[in-house]
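Please treat every number below as a calculation from the coordinates, not as lab data. Everything quoted here is computed from the prediction, not taken from an experiment. Methodologically, a virtual Cβ is constructed for each residue, glycine included, from the backbone with ideal geometry; neighbour enumeration extends over all protein chains shown.
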Ligand code: FDA
């Protein structure tokens, strides 16, 4: 005998809870099975404990996917404003930190509590600490855990991606996808620090130094802070660029985004008696300025340095080429690029095109947002899309 539901949602994270709440409020009998001892663990630690729950400017262009059009429908039907309305309806105070990023004034716990209350408004049962043993598909779906057998006509894969395994993140969604013959786009760590080796280990000496830069990987650049670490490069600009960076490719940094490539030549004309190092220190944090001055061979007064060298140095500062030797991997990645291929899913409902009743949502799917609330917005929007269709 098994307990019977309209839908079983695997994973009580952002996407799973949103989906369950929506389906439950539509009168569906929903069971959420969560491996961990409590729901929404990643929400709780997100945004430094304040949860950057959406980005008010979220558009499809802020997402990476093998099919850049896939996210459009769900994102258009459940917008950042919709989620904000929900947040406000619970009286949760919020603020915009920067670049459209919305955070709780209080704590991320408020978002988890809100989602649980939304689930409680519908017919949703949440069971934590459930180890999924098997998932069978025949006339509907049957999930076996250590505590029993549960069946439903719909199954939602909402178990996220493998980023931050020490928080319980797994590649379980991919195992299920393989079982059901859904294709995968190779998962890779994203929003992740990059590591430096070779001659570039020199930059590790300035671990802790941050500077506003433009970081460019491929054709995409991000104007935010970069941070030097004891392993390489981090900070928002680097995390953003990491999603576009491929092993073996360079990462370009504009260290002087507010200055032109000619600024050193202009400075030579205007202040020939200023030391080159002093000048760089005016534009950049001192320790970074010193290391760059050394690498560029800029020493002595500006007036004594040849124009050619200053032009070349100005250009290098605008397009400094790092050759990262890797990333810090899933252990440090905020999200996962790739995942369940969107080719096999309906962009309206997130349902498998081949297996009716099977849905995949959230980070498990090959849709990855920028840093800054975009990933939660995808979790909410894809969760609602499936929750409306179940
Ligand atoms: P999520 O990972 O939230 O949930 C999956 C759930 O499935 C988990 O509860 C997990 O325990 C469960 N599960 C896994 N395997 C299972 C199994 N075999 N059986 C049953 N359950 C299983 N994004 C953003 O927009 N703003 C932010 O501020 C942040 N901050 C942030 C900080 C940190 C440190 C990280 C690591 C990530 C972020 N993110 C973020 C990204 C964001 O957390 C992420 O995009 C969403 O949580 C994805 O939601 P999902 O519901 O898809 O997965």
> Rg (Å, one decimal) plus Dmax (Å, integer) for the alpha carbons of the chain?
Replying inline: 24.3, 88
> So what's the angle, to the nearest 10 degrees on a 0 to 90 scale, between helix 80-89 and the longest Cα principal axis of the chain?
Replying inline: 70 degrees
>> Give the separation of the Cα centroids, the range 147-224 to the range 96-146, in Å.
In response: 20 Å
>> Within a 10 angstrom radius of the beta carbon, how do 318, 308, 42 rank from fewest other beta carbons to most?
In response: 308, 318, 42
>> Between helix 286-296 and the chain, what is the angle of the helix's C-alpha long axis to the longest principal axis, kept within 0 to 90° and rounded to the nearest 10?
In response: 70 degrees
> What shape does the range 217-371 take by its C-alpha gyration tensor, where a ≥ b ≥ c are the square roots of the eigenvalues and a/c under 1.5 counts as rounded, a/b above b/c as prolate, and the rest as oblate?
Replying inline: prolate
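How do 230-236, 200-206 rank on mean C-beta neighbours within 10 Å, highest first?
230-236, 200-206
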> Which of the peptides 320-326, 130-136, 157-163 is most tightly packed, and how do the rest follow, judged by the mean count of other Cβ atoms within 10 Å per residue?
Replying inline: 157-163, 320-326, 130-136
>> I need 291, 238, 390 ordered by Cβ neighbour count within 10 Å, fewest first.
In response: 291, 390, 238
> Tilt of helix 307-318 relative to the longest C-alpha principal axis of the chain, in degrees (0 to 90, nearest 10)?
Replying inline: 10 degrees
